[in-house]
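For reference, the structure discussed in these notes is given below.
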Amino acid sequence: MLGDSTSPLLWNSSGASLDAQALAVWSAYTGQDERGADNWGWLNALHPADRASVREAWQQVEHGPHVFSLVYRIQQGKAEYHPFKVLNVPVFNDAQQLQGWLVFFGAAAAPSPVRDEHWELRLINSMIYTQMVLGILWLSLDGIVLRVNNRLCQFTGYTEAELLSRTLWQLSMPEDVHVQLQAMRERLVRDQSYPPFHIRYRRKDGTPIWVRITEFLVHLPSGEPYYFFYVVEDVNSEVQAEEEHAELLTRVQEAHAESLARTRQLEAIFESITDGILVYDSDGCTIQANAAAEHIFRLDLYPDFRQSSLQDVTSVLQAFDEKGHRFSPEQWPLMRLLNGEDLRGNNVVEMRLVFPDGAEVYLSYSGSPLRGQDEHITGAVMVIRDVTERRRMEHRVHNSFKTLLALAEKIVDIPQCSSTNSMEGQPDLRHVPPVLPFQAVSEYLVELIYPMLEYQSVSISLRNSETGQFQLAALASPSEEERVSYEEHFAEFALSEYLDEPAIALLYANEIIVREIHFSTPRPFCYQILLAPMIMDGLLVGIFTVKKSELNTIYTEDEVSLVKAVAKFVLLVIERERMQQEWIEAHTNELALRETNRRFDEFLSIASHELRTPLAGIKGNIQLAQRRLAFLKEPELPEKDVLLEKLGKVRDYLLHAEHRVNVQNRMISDLLDVSRIQANKLDLVLHPCNLAEIVHNAVEDQRYTATERVITFTVPANEDFTIVGDADRLGQVVHNYLTNALKYSPMDRPVAVSLEILDSTARVSVRDEGPGLSPEEQKHVWERFYRVKGIPVQGEAPPGLGLGLHICRTILDAHHGSFGLESVPGEGSTFWFALPLACSSTDTSSLETRGDFTAQTCFDV
């Protein structure tokens, strides 16, 4: 309540408002409403004559807070005013900022402490006398140093004058000032004894010093707080000793904990090391072994090895070096260690160890001997590494390298896939090398790879660019049943039929996958297949698959890498074949175009010459005939004999002109036929006809035209040569055969035509005794515009356009007939063709015949 000097009330920093607890006490005494007392409303409880002076006093100390006191009258409830002496003490935070005011209320009639100093002097003298060895400090209620003694000056390093010019915040370390401020607040608010506390003061040189402070609050006789009195003790050495002791204790505890942790860590490391670690005594008996060593030496199966001597162990186990030589007991690593040899670096020992049950492991030994203080060997530490898998890997890598090397050597020697001949000079389609199809290349590759990879089966599937499905290109497997099942399921398939979307995505990402493939026919199968993608330009063009004989098998990383490399080899070969095929096709087209252009240019030259030659003859004969006829217009006609002679000459000229017209007509007909052939419009009128009659008529036409030549025709009697065909076109074939034979054979040598029946076919042969043709020329005589060079034309026959035999080949192909040429240079040539005979059930009475043709053995001229 108001008037209790030990229970101050708390105002805010501006003095406008009270805190909640102080406001309740104020309202209880003055009778003011708590809301009405807020924001300077508490001044209304003061006597009207005091309000202005009190407000002015608060405003003066707002920006320079210090302890100040006032006397003013406060109304109690609605009764009279009572005077109070009010002491306002500022409260600061750690940053020396004003936080609020502690307001102490006392009776206004209390005596002034300034006029009564005897009690203070007596108290000071008593304290200085009893605490002479301790530092003494007086602080005002707002933290200003009022008085100090010499002891405090000694251990802080300041003079008395320097200390009297300082405040609590300048004397204390910033980190510790809050401790003393808290003690001051507690003493002001509650006036209870506060236990001694440790803080750090700042010496003049800036270094901290630990002090123990005992705090007292000095009150005026009226009960109002006056100042703080502190007894300051230098405990710096004591605190440092405690800190050092605590730090040492902490270090000991940490070292102990670290030792335990390190021990556990070493034990864990010892047991978790994948290499075997063995500790032996001087007799070679095992003292300690980690889990890896027990596993390597199979101590669970052979526990006696743990306590056995080296001699006993070497008598049971067999050890061999890389060359297969057996280790003697003196060569064993443990014996060498116990003899003082270090097995490190280049002295590491590798051996193949064989257990009594036949199991084998490859081990690498390293270690050092253990020595006592007298340098005597007390045992040995040995590190053992199981290198069995490494050796197997080296073997696999070696085999893989051999496989890839052999594969690379074989790939460059694929049959019929050698490098192409150079195309320098005149292009010749005969020099274009043959190319194996992808099917043949794939079959060759799997037959080559299969024995190298040592798998149960190897296959290659290629993607069909049109359908997007994969087709089995080649398979190598010793099992016929498996081959049938595989070909049945994978002849043509989509990936989605056997793989899920994540697996398909892995293949397209050029990743190898392993999947189980189940078959139900012809009997249930389950294959563990490794699929390697074949990616070219980001497109999955094929799949290379391998399968082991075991179902539950694991493909190692080395196997995966090997299969992936082989798949790339296969892809490169197939891509090489594809590129070579495309190049050859493009080059072939280029050569064919160039050859066609060359032949066409030659044809134009020949055609212009050949067509102009008959025209010149026709024109000359017509001119001669005109001259003879002009002679007949003379007024006087010659005698009858002379006239008949002149008319005979005119007739001869016209006959020669007609012959030339026929030659030119034949050339034009050949050109028209070739044009129809190119346009695929060479129409045939098929009906039953007699091939003997067709050949006979063609022979007779040639006999009539070439009266000076001998043409024989041999045909067996009583044979039926009925065929189904176009008689005019077949006659054209026989006519062309005869024309060539007459054109390129000597004038005095005969041309022989024969007809015979061979294996239900009628064969027509035209034999001449000309110069013959070489094998190379025989390959091209059926080509369009081709003319054999170096063979002169006999008589007055024109050379031709190089179209006759090409037209013959087309006509015979349309009749599903066969044709050919038999020739030896210098011995003549035989051109032949064969056509299937009509069915024997054909009604021959309805066959169309031409004249009363009678088969005979031979026609001679």
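Rule-based calculations on the coordinates, nothing more; no lab input. What you see is a predicted model, and the numbers here were worked out from it, not measured in a lab. So basically every Cβ, Gly included, is an ideal-geometry build from the backbone, and we count neighbours across all protein chains shown.
Annotation for residue 242 and residue 216: the two label points, set 7 Å from Cα along the Cα-Cβ direction, are 2.4 nm apart. Annotation: amide H of residue 473 within the under-5 Å range of 460, 461, 462, sequence separation 5 or more or interchain, hydrogens built in the peptide plane.
Test of the criteria: in the range 689-749, which GluC sites (Glu not before Pro) are in a DSSP loop and have at most 12 other Cβ atoms within 10 angstrom of their Cβ? Intermediate results must be reported in sequence, preceding the final value.
Details: sites: 693, 700, 708, 719; in loops: 708, 719.
Counting only loop positions with at most 12 other Cβ atoms within 10 Å, the GluC sites (Glu not before Pro) in the range 689-749 are 708.
State whether the range 250-304 is rounded, prolate or oblate according to the following rule on the C-alpha gyration tensor (a ≥ b ≥ c being the square roots of its eigenvalues): a/c under 1.5 gives rounded; otherwise a/b larger than b/c gives prolate, and the remaining case gives oblate. Note, shape of the range 250-304 comes out prolate.
Among the GluC sites (Glu not before Pro) found in the range 299-354, those both in a DSSP coil and sparsely packed, with 16 or fewer other Cβ atoms within 10 Å of their Cβ, are 322, 341.
Packing-wise, with mean Cβ within 10 Å as the measure, how do 8-21, 558-571 rank, highest first?
Values: 8-21: 16.9, 558-571: 19.4.
Highest to lowest by the protection proxy: 558-571, 8-21.
For the residue pairs 323/564; 323/547; 743/779, alpha carbon separations beyond 23 Å are given by 323/564; 323/547. What separates the Cα centres of the range 483-518 and the range 530-580 is a distance of 13 Å.
When only DSSP loop residues count, what trypsin sites (Lys or Arg not before Pro) in the range 315-362 have their Cβ near at most 16 other Cβ atoms within 10 Å?
323, 344
Put the Cα centre of the range 247-263 next to the Cα centre of the range 30-93 and the gap is 63 Å.
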